[in-house]
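The values are calculated or read from the model by the stated rules, or taken from the named source; none is laboratory data. Computed from a prediction, not measured in an experiment: that's the story for all the values here. Glycine also receives a Cβ, built like all others from the backbone with ideal geometry; neighbour counts cover every protein chain displayed. Just the protein is used for accessible areas: all its heavy atoms, side chains included, with ligands, DNA and RNA removed. Shrake-Rupley method; radii C 1.70, N 1.55, O 1.52, S 1.80 Å.
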Amino acid sequence: MSFQVRLLPSGKEFTAEKNETVLEAALRSGISLNYSCNNGTCGGCGGRIKSGQVRETQQHDFHFSDTQKAQGHVLLCVNAAQSDLEIEVKEAGGIEDIPLQLIPTKVEQMERIQDDIMILHLRTPRSQTLRFLAGQHLSLAIAGMPPRNKSLASCPCNAMHLQFHIRRVPGDQFSDYVFTHLKISETVTLEGPWGNFSLDESSKRPIIFVAYETGFAPIKSIIEHAIALELEQPLHLYWMAHQPGNHYLNNLCRSWFDALDNFSYTALTGDKLSGESSWEASTDPVVGLRDMETAGTAIVADHPDLAGFEVYLTAPESSTEGIVELLQQHGLPKGQLHLDVMKRF
Ligand code: FES
């Protein structure tokens, strides 16, 4: 059985099942509420029931005063809806509301999806799930080697199961270790999140996503968040890979296209004749610049007037100059261009 939950003062609505906590239901729906322990200890997820009934799902340490209880204060991480609800609550508004966290995770799964691409799945403790905004990045620390910054590739709606895309780079200690020594259940300590590359949820403009190679990871996180939020505006993903076959999650992108009326997908490839390897393509400034200019040409052919769009673009910094110039020549305002150019792809 499911119930409709309305948050005040924002008016955001979502559906909550009878057997899940209100916090779980909100996160699943892409709504970022304040919380920390997720087990009734810290008090951080407090909200005030304005109408409707809830049921406590477990015993907990944090307690409101009798006066607060009479006013309807409850912990959303240990209460489930038993009717339609209206709840007064403080929502996490932006990056400034997301605390810096240090979380020991376990390796849950390693998918070697291509020779040089590993999809790494990490699981947080149930009582210490990760709060982040789609598109942000973290540092990953494995015992015995320096931490490495990586973008999250998964949706904040699943705060316990996290995904990262690791490219194997010859001679790179971190990626070598992931590909040859990392084991299931091994500890990877996360610190973060960081970065202001995240979805502007207040904008109703159509969105263009542009990813280069494994720069797809933060774009995937944002698209999955947009899907959880059920955004209605058109979404168009351009994924540039230097060589055919390098779109390592092509089927996922196609499944979004099949399932969503407002989603378009264009897989692009760069200079197929040059013979550079895919790794060279994503690090060589000349090759990257050329590939991204090719992507820009394709985008402005489809959308010659970009004044009314939001564009989210991820690529190495050295590859972005030409495409950014082209997009701006076609009317894209600076404030509607969201760039992620760190070298962690
Ligand atoms: S998140 Fe800590 S009490 Fe709910």
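Computed over segment 98-194, the P(r) tail beyond 23 angstrom holds 17 percent of alpha carbon pairs. For segment 2-92, the equivalent ellipsoid built from the Cα gyration tensor has semi-axes of 18, 14, 13 Å, listed from largest to smallest. Could you pull out which residues in segment 65-101 have an amide N less than 17 Å from a spot 7 Å beyond the Cα of Lys18, following the Cα-Cβ vector? Those under the cut-off are 79-85.
Approximating the spin labels as points 7 Å out from Cα along Cα→Cβ, the Lys50-to-Leu252 distance works out to 3.7 nm. Using Cβ point charges alone (K and R +1, D and E -1), the dipole size of segment 37-147 about the Cα centre works out to roughly 260 debye. Label reach from Ala301 (point 7 Å along Cα→C-beta): in segment 217-254, amide nitrogens under 17 Å belong to 237-244. The protection proxy used here, the mean number of other Cβ atoms lying within 10 Å of each residue, ranks peptides 202-212, 167-177 as follows, highest first: 202-212, 167-177.
Per-residue surface analysis assigns Trp194 an accessible area of about 90 Å², computed on protein heavy atoms at 1.4 Å probe radius.
Helices in the chain that qualify as membrane-span-like (whole DSSP H runs, Cα extent of at least 15 Å along the helix axis, mean Kyte-Doolittle hydropathy of 0.5 or higher) are 216-228, 285-302. Here segment 98-194 exposes an accessible surface that is 52 percent carbon and sulfur, computed with a 1.4 Å probe and the other protein chains kept in place.
Multiplying the residue separation of Leu8 and Arg126 by 0.36 nm and subtracting their alpha-carbon distance yields 39.7 nm. Count Lys and Arg as plus one, Asp and Glu as minus one, and take only other residues whose Cβ is under 13 Å from that of Asp261; the net charge is then -3. Above 24 Å lies some portion of the pair distances; for segment 1-158, what is it as a whole percent of all C-alpha pairs? Value for segment 1-158 (Cα pairs over 24 Å): 40 percent.
Directionally averaged projected area (segment 204-274, Cα convex hull): 4.6 nm².
Return the carbon/sulfur percentage of the accessible area of segment 206-267, one whole number, probe 1.4 Å, all protein chains in place. Here it works out to 48 percent. Heavy-atom accessible surface of Cys157, to the nearest 10 Å², is about 40 Å², with a 1.4 Å probe and all protein chains retained.
The 1.4 Å probe gives accessible areas that order Asp305, Asp200, Asp115, largest first, as Asp115, Asp305, Asp200. With all protein chains kept in place, the per residue accessible area of the chain amounts to 44 square angstrom at a probe of 1.4 angstrom.
Can you send over the carbon and sulfur percentage of the accessible area for segment 1-53, probe radius 1.4 Å, protein chains only? The value for segment 1-53 is 44 percent carbon and sulfur by accessible area. If R0 is 41 Å, the Cβ-Cβ spacing of Arg112 and Glu232 corresponds to a FRET efficiency of close to 0.65.
Its Cα gyration tensor gives the chain an equivalent ellipsoid; the semi-axes, largest first and in whole Å, are 38, 25, 16. Determine the shape class of segment 207-340: with a ≥ b ≥ c the square roots of the Cα gyration tensor eigenvalues, call it rounded for a/c under 1.5, and otherwise prolate if a/b is greater than b/c, oblate otherwise. Because a/c hits 1.5 or more and a/b fails to exceed b/c, segment 207-340 counts as oblate. May I ask what percent, to the nearest 5, of DSSP beta bridges between residues of the chain are antiparallel? The antiparallel fraction comes to roughly 65 percent. Per-peptide packing, taken as the mean over residues of other Cβ atoms within 10 Å, places 310-317, 117-124 in the sequence 310-317, 117-124 from highest down. The charge dipole of the chain, taken about its Cα centre with unit charges on the Cβ atoms of Lys, Arg (+1), Asp and Glu (-1) only, comes to about 860 debye. Structural size metrics of segment 82-130, computed from C-alpha coordinates, are Rg and Dmax of 17.4, 51 Å.
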